[in-house]
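I have placed the structure first, in the form of structure tokens, so that the comments after it can refer back to it.
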Amino acid sequence: MPKPPLHLFNTLNRRVETFKPIKGKTVGLYTCGPTVYNFAHLGNFRAFLFEDLLERGMEWLGYTVKRVMNITDVGHLTGDTDAGEDKVEREARAMRKTVKDIVAFYTKAFVTDAKKLNIRIPRTLAPASKFIPEQIAIIEQLFKRGIAYETPNAVYFDVAKFPDYGQLSGQSLADKITGARGDVVTDTEKHNAADFALWFKLTGRFASHLLHWPSPWGEGFPGWHIECSAISTKFLGQPFDIHTGGVDHIGTHHTNEIAQSEGAYGKPLAHYWLHNEFFLVDSTKMAKSEGNFLTVKDIEEKGVHPLIFRYLCLGTHYRSPLNFSWVGLDQAKHALEHLIERLLYLNYLARSGGKTPGAKKELEAYRTRMEETFANDLNIPQMLAAVQELIKDKALVAKDPKGVLALVYEADTIFCLDLKKHVMKYDSRRLMADKRLVKLIAERQKIRALQQFMQADRLRKKIDSLGYVLEDTPKGPFVSPKSIRIGA
Ligand code: AMP
Ligand code: ZN
């Protein structure tokens, strides 16, 4: 069956567009990675999760995805607009550790947490500090084109020389310049308050900056945005297909990436810009600076498995805000447990069904519907609803339980909730390792054959007290655990 065409909301044009890759079915995907000065929080992971779903879903639709992610280990200041200190260096000083130690520790923590959430780590994970020559090359090109200038403190991008500066944010250049007047301007020799740093020199507040490299403008270190311009095009070329990140990056970070790359080379950086909405706490963005953040470890300590957070995120479209609450997480937990319970029964039917007529056509219709919901700007909540409908489709389940289960597992190559692993863990055949249970079931079957239902009911209660639920089905007794634990 042909796959449905993929449609994506492109922030650049503010509308849903048909996705047209640059090269056949191969997609270049760049995703801004974490700044490794602390643990990534659940808000960050909402972004990484959206990108994971995008990658997996595109593969499902037949694309080959070449994905690149940077690791910000230098140049990200506490204020996005060039004010404040380098986040990583501030942490290193506060903890009396080397920058290298801080970076290694939090990069490893990011990878560990991402794995717990079944988020795939891109094969190309590129730390900014390893690509300094590539960053310098873009700045030199901007000088050649008269868009960069130097002061005794830094090298800046001259926004007035780039008329399309506000295209991504939808803000005119004039408004952007006016707005920037209120910012903390740390260099009075800047032409314009909205100009942003490409390179900081080892002087003034950065005189003792720990990481620095030689450059045509003296020793120093790169501004935050230039790393993404350099790393994305090094691995994916310019232009490439898709660039993603959270909506907080639209106004400054991504706007500046576009300005740098397009200013330097006169062609688009990426064709599609996708942005996830925020993960919120009490209607406020979850952020380290707000002090309202939770990490993967925090929820684990409360007994919540990371996959429950993954399931929670699947229920809300990536372009809608998602509010955190413990109650919400608890509801997600119950819903996921319930889904697994249904699959256990389906698995039982699939195993004990014998030969069934099969339902290729009906299953294909469900698959197409799932693909279409994904292809419709990643409507994962609707895809999840289609799966729920599928497993509740009594006629189809009776006709082809194996086929239904296989299709659910196929959808789970995108959801990544480890559904098959959970089903295997609680498979009724495995439960039969409990000899007491086997004995009680056999006894009960005998008594039922003699139509002694009161006694049979007493045995069911005994089974219940062992932690199992027994249901009589047309295929015989089906046993499942009374409670399901998400996770290994
Ligand atoms: P950072 O490490 O701050 O550069 O953030 C990594 C990713 O997380 C970026 O794509 C951000 O846009 C995204 N992000 C940060 N906070 C949130 C949030 N509360 N909800 C959703 N995405 C976020
Ligand atoms: Zn970036």
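Here is how the numbers come out for the structure above:
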{"item": "Percent RCO, i.e. relative contact order, over the chain, from Cα pairs under 8 Å lying at least 6 residues apart", "result": "16 percent"}
{"item": "List Glu389, Glu337, Glu364, ordered by accessible area with a 1.4 Å probe, largest first", "result": "Glu389, Glu364, Glu337"}
{"item": "Listed residue (Leu125, Ala154, Met1) projecting farthest to the positive dipole end of the stretch 1-160, Cβ model", "result": "Met1"}
{"item": "Accessible heavy-atom area order of Asp282, Asp400, Asp101, highest first, probe of 1.4 Å", "result": "Asp282, Asp101, Asp400"}
{"item": "Computed accessible area, Lys302, all protein chains, 1.4 angstrom probe, square angstrom", "result": "140 Å²"}
{"item": "For the stretch 135-147, 3J(HN,Hα) per residue [Karplus equation, 6.51 cos²θ - 1.76 cosθ + 1.60, θ = phi - 60°, Hz, x = Gly/Pro]", "result": "6, 4, 4, 5, 5, 4, 5, 5, 5, 4, 8, x, 9"}
{"item": "Full-extension gain in nm, Leu450 to Thr18, via 0.36 nm per residue minus C-alpha separation", "result": "149.0 nm"}
{"item": "Global geometry of the stretch 317-389, whether rounded, prolate or oblate, following the gyration tensor of its Cα atoms and the 1.5 cut on a/c", "result": "oblate"}
{"item": "Stretch gain in nm, segment Glu59-Lys144, where the contour uses 0.36 nm per residue and the Cα spacing is subtracted", "result": "26.6 nm"}
{"item": "Computed over the stretch 390-488, Kirkwood Rh from alpha-carbon pairs, angstrom", "result": "15.4 Å"}
{"item": "Proximal aspartates and glutamates to Lys302, defined as alpha-carbon separation beneath 18 angstrom and excluding residues fewer than eight positions away on the same chain", "result": "Asp113, Asp330, Glu337"}
{"item": "The chain, accessible surface, carbon-and-sulfur percent (1.4 angstrom probe)", "result": "53 percent"}
{"item": "Whole-number accessible area per residue in Å² for the chain, which is evaluated in the context of all protein chains at 1.4 Å", "result": "45 Å²"}
{"item": "For peptides 128-140, 465-477, sequence by mean Cβ density within 10 Å, most packed first", "result": "128-140, 465-477"}
{"item": "Contact order normalised by residue count of the stretch 5-164, Cα under 8 Å, 6+ apart, percent", "result": "20 percent"}
{"item": "Over 24 Å between alpha carbons, listed pairs Lys116/Lys420; Lys3/Lys355; Lys190/Lys234; Lys66/Lys267; Lys23/Lys176", "result": "Lys3/Lys355; Lys190/Lys234; Lys23/Lys176"}
{"item": "Antiparallel DSSP beta bridges within the chain, as percent of all bridges there, nearest 5", "result": "50 percent"}
{"item": "Paramagnetic reach from Ala433 (point 7 Å along Cα→Cβ, amide N under 15 Å) across the stretch 446-488", "result": "481, 488"}
{"item": "Chain lengthening between Val247 and Glu189 when straightened (0.36 nm per residue, less Cα-Cα)", "result": "17.8 nm"}
{"item": "Cβ-derived FRET efficiency at R0 35 Å, Asp282 paired with Arg96, nearest 0.05", "result": "0.50"}
{"item": "5 angstrom amide H check on Asn323, placed H, neighbours 5+ away", "result": "Leu280"}
{"item": "Farthest positive-ward along the chain dipole, Cα basis, beta-carbon charges - from Leu459, Trp273, Phe478", "result": "Leu459"}
{"item": "Descending principal axes extents, the stretch 74-201, alpha-carbon based, whole Å", "result": "45, 32, 30"}
{"item": "Modelled FRET efficiency - R0 22 Å, Ser352 with Lys482, Cβ distances, 0.05 increments", "result": "0.55"}
{"item": "Candidate aspartates and glutamates - alpha carbon under 14 Å from Lys446, same-chain residues fewer than 8 apart omitted", "result": "Asp457, Asp472"}
{"item": "Modelled FRET efficiency - R0 45 Å, Arg458 with Ala385, Cβ distances, 0.05 increments", "result": "0.65"}
{"item": "The stretch 139-284, relative contact order [Cα under 8 Å, separation at least 6], %", "result": "24 percent"}
{"item": "Charge-dipole axis of the chain as Lys and Arg at +1 and Asp and Glu at -1 on Cβ define it, positive-most pick from Leu202, Ser229, Val327", "result": "Val327"}
{"item": "Overall form of the stretch 292-433 per C-alpha gyration tensor (a/c, 1.5; a/b vs b/c)", "result": "oblate"}
{"item": "Only Lys, Arg (+1) and Asp, Glu (-1) charged, at Cβ; the stretch 43-120 dipole about Cα centre in debye", "result": "380 debye"}
{"item": "For the stretch 229-236, 3J(HN,Hα) per residue [Karplus equation, 6.51 cos²θ - 1.76 cosθ + 1.60, θ = phi - 60°, Hz, x = Gly/Pro]", "result": "4, 6, 5, 4, 6, 4, 9, 10"}
{"item": "Mean ellipticity per residue at 222 nm, deg cm²/dmol - from DSSP H runs of n ≥ 4 across the chain, formula -39500 (n - 2.57)", "result": "-14500 deg cm²/dmol"}
{"item": "Anisotropy class of the chain from Cα gyration tensor, a/c 1.5 cut", "result": "prolate"}
{"item": "Accessible surface ranking that places the most exposed of Lys176, Lys108 first, with a 1.4 angstrom probe", "result": "Lys108, Lys176"}
{"item": "Alpha carbon convex hull of the stretch 1-96, projected area averaged over orientations, nm²", "result": "8.3 nm²"}
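The values are calculated or read from the model by the stated rules, or taken from the named source; none is laboratory data. Predicted model only: the values in this text are computed from it and were never measured. All Cβ positions, glycine included, derive from the backbone under ideal geometry; neighbour counts span all protein chains shown. Please note that ligands, DNA and RNA were not included when accessible areas were found on the heavy atoms of the full protein model with its side chains. Shrake-Rupley method; radii C 1.70, N 1.55, O 1.52, S 1.80 Å.
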